[in-house]
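Just so you know, all these numbers are worked out from the coordinates, no wet-lab data involved. Note that the coordinates shown come from a computational prediction; the quantities given were computed from them, not determined experimentally. Quick reminder, even Gly has a Cβ in these numbers, built from the backbone with ideal geometry, and neighbours come from all protein chains shown.
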Amino acid sequence: MLANDGVDLALMPGEIHALLGENGAGKSTLMNVLTGLYQPDAGSIAIDGQVRRIDGPAAAARAGIGMVHQHFRLVPAQTVAENVHLGWSETPWRASARVLEARTASLAARFGLAVAPAARVADLSAGEQQRVEILRVLARGARILILDEPTAVLAPAEVATLFAALRGFRGRGNAVVLISHKLGEVLEIADRITVMRAGRSVATCAAAGASRSSLARLIVGDTAPPPPAKPGAGAPDDAPVLLELRDVGARDRRGITLLDGVSLRVRAGEILGIAGVAGNGQRALSEVLTGCLRPDRGQVLLEGTVVARPDPRTFAEAGIGHIPEDRLRTALAPDLSVAENAVLREYARPPIARGFGLDPRAAGAVARRIVEAAGLDVRDPRVPVRNLSGGNQQRLVAARERRIASRVLVAAYPTRGLDVGAVATLHAAMHRLAAEGCGVVLISEELDELLEHADRIAVLFAGRIAGLLPAAGADPERLGLLMSGQ
Amino acid sequence: MSMLSSLLGNAVLSGAVLALAGQGELLAERVGVLNLGVEGLLALGGVTAIATVAAGHDPLLGLLAAVGVGAAVGCLFAAATVLARASQVLCGIALTTGGLGLAATLGRPYAGQPAAATFQPIDIPLLDRLPVLGPALFHQSAPVYVAFLVLPLALQLLLFHTRHGLVLRAIGENPAACDAAGIPVVALRFAYVALGAAIAAAAGADLTLAFVPSWSDGVTAGRGWIAVALVIFAGYRPWRIAVGAFLFGLVNALGYLAQARDWGVAPAFLSMLPYLATILFMVLPALSARSRPATTAPAALGLPYYRDQR
């Protein structure tokens, strides 16, 4: 398959160069060529004017190219120190835990990246894991740092820390390639921007002269941009309540409080936004709303009826769709095919189910419709879903859940990893659902997204609803204060 | 020799086979390859050693021949599981059944006869004069010292105190991350699977040249399977494998002692003890609270590595 077709990219010392493009535009393939995982069929790579052959990750490291992947390449069971020193020629021959931790501490100090050398990577947050990845790359003397959607998994405060580190790196005369879908972010930090479309580089421009709309046009190309989402009128106060939480509390297995006295009403025809810094109970909230988590205390009501023993199946059959935050682990079976994953929510009802049997032809037809609705260009629906890019996985989950969401759609960070076009499509679909009389719960960290699309915004802090206000005329600053618990 | 001393001595002697086989299996599993062929490797190593000493009358030669055969068979197993990425479970079972059958056929001329040469006990100066412990622990053959001291110490240092060991452990946890870091995943997996098989075959030589010491069909008696269980029980740590092997040896030795002293327990029950102990050792840790993360299996254990997979 042709993923890259005559791409030109020039990288200057002391610049942050953003790479934009839709899902599947060839950005990741290009970076895999730069880091030696793939070999180009044509063309060359020159560093400091000299043509270099990069025939593997080790050669890329020698050439000063370091990559931080979207899915971190860390060993979760091992410590930070062990991960930093893995596969590094400068790791001392005698590498006991003590030696490695001391070296890691001094490296962390030198590059200004705060990490805990003795901590197990599995216990770290996404932002901390990313710092370990960056430290690992910088320790190997990288002068070109490539980051693939580095902010997709980060909380806003962590993004600021990351950008500070990147500016410091640029300040020392190095170059950064930043792959991203977030135009605002790109305009904030990048010096120059290259846009890719269908495997080609279509334009390179200075960030200073660019705007969101000019970039969006370049990314989407000649195809008409999706119609801007039309915010609905919202729900009147007397609209029926579809889903309600009354004083819900939940703890995890270790007894740590996840939710604490949460009361919420999702009305027909509204988009209810949930704001808050990640890790303040969003996951538990979305799980309680969809029956995946039984609260320890309080009640869950479906159209005014208390659900005695909530379970995911009851909720799915009642028409509650769920786009969970961790799509690969919670929403998809990675080794099953695209088609099988597509029908995962509907296999147990007609036309796919026939008594105890399963009608493969009906399943195939439903799968094709879902794949089409997701706008996926999947030639063979039998490929394992893990082979799709993160953005395409997200599109598939969103399309599948939209189909079953006849009452409420609960969407946690649904735009993560999506390109501009797909984000607009998804938001439009949410408004359509709301216009049809469904309730939509939109969990997001991006205030802009919530202010633009939600009718009401609830702020989640430390497992409690810190505030609930209408989105129209809401003050971002006040929301920010609520999010930080003030 | 006192009763206690002979009990401990027998425990160490019979535990050494498990300790050696377990350390070999540990190497393969640490790089992410489950080798269920230990039983077959024990049999092949044992019969190779017997046949070699019948011709050459030197136990060391017998051991080296067993190591050579084990390495060669290990290369075959690694070619199938690491290079061709065949199912590790199926290949392991094939190695066990094939190894047992081949060893039975090759060993027919030697069956039932005492080994032509055996490993003789070596006294450790001073330590062998300790009361009870001296004759039990420090009047043993060379393979026993290797099984309980040299190999655990060497593997502990290698795995947890060297750069190379860090790489090996990481390959068993996340081969994709290692590949991205420029580590030759396939070559290292291949090498350590072969090395592990060689050590397992050496355990077979220890069985027929020091412990029993003779060859008969079925002499391995499921020790290879116990070794596989032992690695899990020991949480993939070299020292704990040595300790676990001693515990199993102790159960074994208790059976012998009861038989020799005629404690009035049915002999069938006594010979059952090691296998009962295996089941107990496997079930008890699983029942007790939660297993600590440090003792869980390597994350990539049993999974063939494909570069193209995300």
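Can you give the FRET efficiency to the nearest 0.05 for A:ILE47 and A:ARG94, using r as the Cβ-Cβ distance and R₀ = 35 Å?
Efficiency at R0 = 35 Å is approximately 0.55.
Given H placed 1.01 Å from N in the peptide plane, which residues other than close sequence neighbours of A:VAL68 have an amide H under 5 Å from its amide H?
Under 5 Å from the amide H of A:VAL68 lie the amide H atoms of A:ILE146, A:LEU147, A:ASP148, each far enough along the sequence or on another chain.
For a label point 7 Å from the Cα of A:ASP335 along Cα→C-beta, name the residues of region B:23-47 whose backbone N is under 20 Å from it.
B:29-36
Please compute, for peptide B:175-185, the average count of beta-carbon atoms on other protein chains lying within 10 Å of each residue's beta-carbon.
Mean number of neighbouring Cβ atoms from other chains: 6.
Could I have the simple spin-label model distance between A:ASP377 and A:ALA353, label points 7 Å from Cα toward Cβ, reported in nm to one decimal?
Each label point is offset 7 Å from its Cα along the Cβ direction, giving 3.7 nm.
Once phi is turned into θ = phi - 60°, what whole-Hz ³J(HN,Hα) does the Karplus curve with 6.51, -1.76 and 1.60 give for every residue of region A:326-331, x standing for Gly and Pro?
Along region A:326-331, the couplings run 9, 5, 6, 8, 9, 9 Hz.
Please give the contour-minus-distance gain from B:TRP239 to B:HIS164: 0.36 nm per residue of separation, less the Cα-Cα distance, rounded to one decimal in nm.
Residue separation times 0.36 nm, minus the Cα-Cα distance, leaves 25.1 nm.
Restricting to bridges with both residues inside the protein assembly as shown, how much of the DSSP beta-bridge set is antiparallel, in percent to the nearest 5?
50
Please compute, for peptide A:79-85, the average count of beta-carbon atoms on other protein chains lying within 10 Å of each residue's beta-carbon.
Partner-chain Cβ atoms within 10 Å, mean over residues of A:79-85: 2.
Run the numbers on chain B and let me know its relative contact order in percent, using alpha-carbon pairs under 8 Å that are six or more apart.
37 percent.
Would you tell me the mean number of C-beta atoms belonging to other protein chains that fall within 10 Å of each C-beta in B:165-173, as a whole number?
5
If R₀ is 41 angstrom, what is the calculated FRET efficiency for the pair B:LEU64 and A:ARG386, using the beta carbon separation as r and rounding to 0.05?
After rounding to 0.05, the efficiency reads 0.35.
Run through the DSSP bridge list for region A:15-220 and note the antiparallel percent, rounded to the nearest 5. Present the calculation step by step, with values, prior to reporting the outcome.
Working: 10 of 28 bridges.
The antiparallel fraction comes to roughly 35 percent.
Using θ = phi - 60° and the Karplus relation 6.51 cos²θ - 1.76 cosθ + 1.60, list the HN-Hα couplings for region B:110-124 in order, rounded to whole Hz, with x at every Gly or Pro.
So the Karplus estimates, Gly and Pro as x, are 9, 4, x, 8, x, 4, 5, 8, 10, 6, 9, x, 10, 8, 8 Hz.
Can you show me the helix-derived [θ] at 222 nm for the protein assembly as shown, built from DSSP H runs with n ≥ 4 at -39,500 (n - 2.57) apiece and divided by the number of residues, rounded to the nearest 500.
Working: 29 runs with 361 residues, N = 796.
Only helices count here, giving -14000 deg cm²/dmol.
What relative contact order, as a whole-number percentage, does chain A give when Cα pairs under 8 Å and 6 or more residues apart are counted?
Worked out over chain A, it gives 17 percent.
What length, rounded to one decimal in nm, is gained on full extension from A:ALA109 through to A:ARG253, with 0.36 nm per residue of separation minus their alpha-carbon distance?
48.3 nm
For a quick check, take a GNM of chain B with Cα springs below 10 Å and name the residue from B:GLY235, B:GLY224, B:GLY112 with the largest mean-square fluctuation.
Sorting by GNM fluctuation, first place goes to B:GLY112.
Mind giving me the FRET efficiency for A:THR305 and A:HIS431? R0 is 35 Å, r the Cβ-Cβ distance, nearest 0.05 is fine. Please report the intermediate quantities before stating the final value.
Values: r = 28 Å, r/R0 = 0.80.
According to the calculation, E is roughly 0.80.
Please report the orientation-averaged projected area of region A:237-280, defined via the convex hull of its C-alpha atoms, in nm².
3.9
Compute the distance in nm between two label points, each set 7 Å from the Cα along the Cα-to-Cβ direction, one at A:VAL202 and one at B:LEU133.
7.8
Hey, could you pull the Cα Rg and Dmax for chain A, both in Å?
23.6, 72
I'd like the Karplus ³J(HN,Hα) series for region A:367-377: coefficients 6.51, -1.76, 1.60, θ = phi - 60°, whole numbers in Hz, and an x wherever there's a Gly or Pro.
4, 4, 5, 5, 4, 5, 4, 6, x, 8, 9
Net charge around A:TYR347, counting only other residues with Cβ within less than 14 Å of its Cβ (Lys, Arg = +1; Asp, Glu = -1)?
My count for the surroundings of A:TYR347 gives +3.
Amide H neighbours of A:LEU409 under 5 Å, at least 5 residues apart or on other chains, H built in the peptide plane: list them.
Amide H neighbours of A:LEU409, under 5 Å, 5+ apart: A:GLY321, A:GLY439, A:VAL440, A:VAL441.
Put a dot 7 Å past each Cα toward the Cβ at B:LEU126 and B:ALA299; how far apart are the dots in nm?
Using points 7 Å along Cα→Cβ, the separation is 4.7 nm.
Given H placed on each backbone N at 1.01 Å, which residues far from A:ILE465 in sequence or on other chains put an amide H within less than 5 Å of it?
A:SER263
Where Rh denotes the Kirkwood radius from the mean inverse Cα pair distance, what is Rg over Rh for region A:334-400?
Result: Rg/Rh = 0.97.
Evaluate region A:184-332: find the radius of gyration of its Cα atoms, find its Kirkwood radius, and give the ratio Rg to Rh.
Expressed as Rg/Rh, it is 1.12.
Can you list which of the GluC sites (Glu not before Pro) found in region A:64-106 are DSSP loop residues with at most 16 other C-beta atoms within 10 Å?
Filter output for region A:64-106: A:GLU90.
As an exercise, identify the chymotrypsin sites (Phe, Trp or Tyr not before Pro) in region B:239-270 lying in DSSP coil whose Cβ has no more than 13 other Cβ atoms within 10 Å. Intermediate results must be reported in sequence, preceding the final value.
Numbers: sites: B:TRP239, B:PHE246, B:PHE248, B:TYR256, B:TRP263, B:PHE269; in loops: B:TRP263.
Sparse-neighbourhood loop chymotrypsin sites (Phe, Trp or Tyr not before Pro): B:TRP263.
In Å, what is the Rg of the alpha-carbon atoms in region A:15-220, and how long is Dmax?
When restricted to the Cα atoms of region A:15-220, Rg and Dmax are 17.3, 55 Å.
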